[in-house]
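The values are calculated or read from the model by the stated rules, or taken from the named source; none is laboratory data. The structure presented is a predicted model; accordingly, all values stated were derived computationally and were not measured. For accessibility, only protein heavy atoms count, side chains too; no ligands or nucleic acids. Shrake-Rupley method; radii C 1.70, N 1.55, O 1.52, S 1.80 Å.
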Amino acid sequence: MAKAPIVIQPPQRDDNETLQEWVYRALRQAIMTGHFVPGHSVTIRGVAEMLNVSLMPVREALRRLVAERALELLSNRRVTVPKMTPSKLEELASARIALESLAAVRALPAINDELLQTLRALDEEVDQALHDGDVTTYLQKNQAFHLTLYRAGDSQVLIPLIESLWLQFGPFMRMVLGRIGVSYVLDRHAEALKAIERKDPLALRLAIEGDIRDGMGSLSQEELLANARDN
């Protein structure tokens, strides 16, 4: 069965942002939200055409993403998402739980009423996407909820590490949700919001851990093995 073409929805370019940085940010966001799908490779020229830019900034952005292990360079000068295995998935889950629960707890003292309201609004958008069966919006808003929470802690170390893990995880979550739909997704954000309201670090840590385990638990060994065979 033919795979759907990759479609990139680039973000707005900031006034002080170089073209190279914008291309890198656009591709990074597309990978984290699953727009690059397992088993589907693209050329440098193809990406340049999608973003309506020259080859040079695309080539540099892809080089950086390959170095981050978000993409893999193939022998035919195409790039694709690296394969996932059950053992790699387990390691990614453990790393995400360790880093994201720490980031959430570190951010807790900095979350004021305004930011809490922002998180509630994002969670409502997550819930609406789940209700509508909208995989793309769900992935975007779920990521926005998590990163908005973690960035409140103003960490210069944890956030890049967390984003690196999302780069490796996002494409496979998109693959599974595209097959089974979002009706199987359990939203633990409500638990996290209650923990934030109570300023309860343990409850927040458990809510984040549960959310990650539920999400990554959707990626069954059967799905991963089927993906490996397809590639």
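Relative contact order of the stretch 114-170: 28 percent, from C-alpha pairs under 8 Å at least 6 residues apart in sequence.
Averaging the sequence gap over all C-alpha pairs within less than 8 Å and six or more residues apart, then dividing by the number of residues, gives the stretch 16-157 a relative contact order of 23 percent. When only Cα pairs below 8 angstrom with a gap of at least 6 residues are kept, the stretch 90-184 shows a relative contact order of 41 percent.
Protein heavy-atom accessible surface, 1.4 Å probe, per residue over the chain: 52 Å². A value for mean projected area of the Cα convex hull in nm² was derived from the coordinates, and within the list [x] 12.9; [y] 11.2; [z] 14.5 it appears as [x].
Ignoring ligands, DNA and RNA, what percent of the 1.4 Å accessible area of the stretch 67-125 is carbon and sulfur? Let's see the in-between values first.
On the way: 1670 of 3320 Å².
That fraction is 50 percent.
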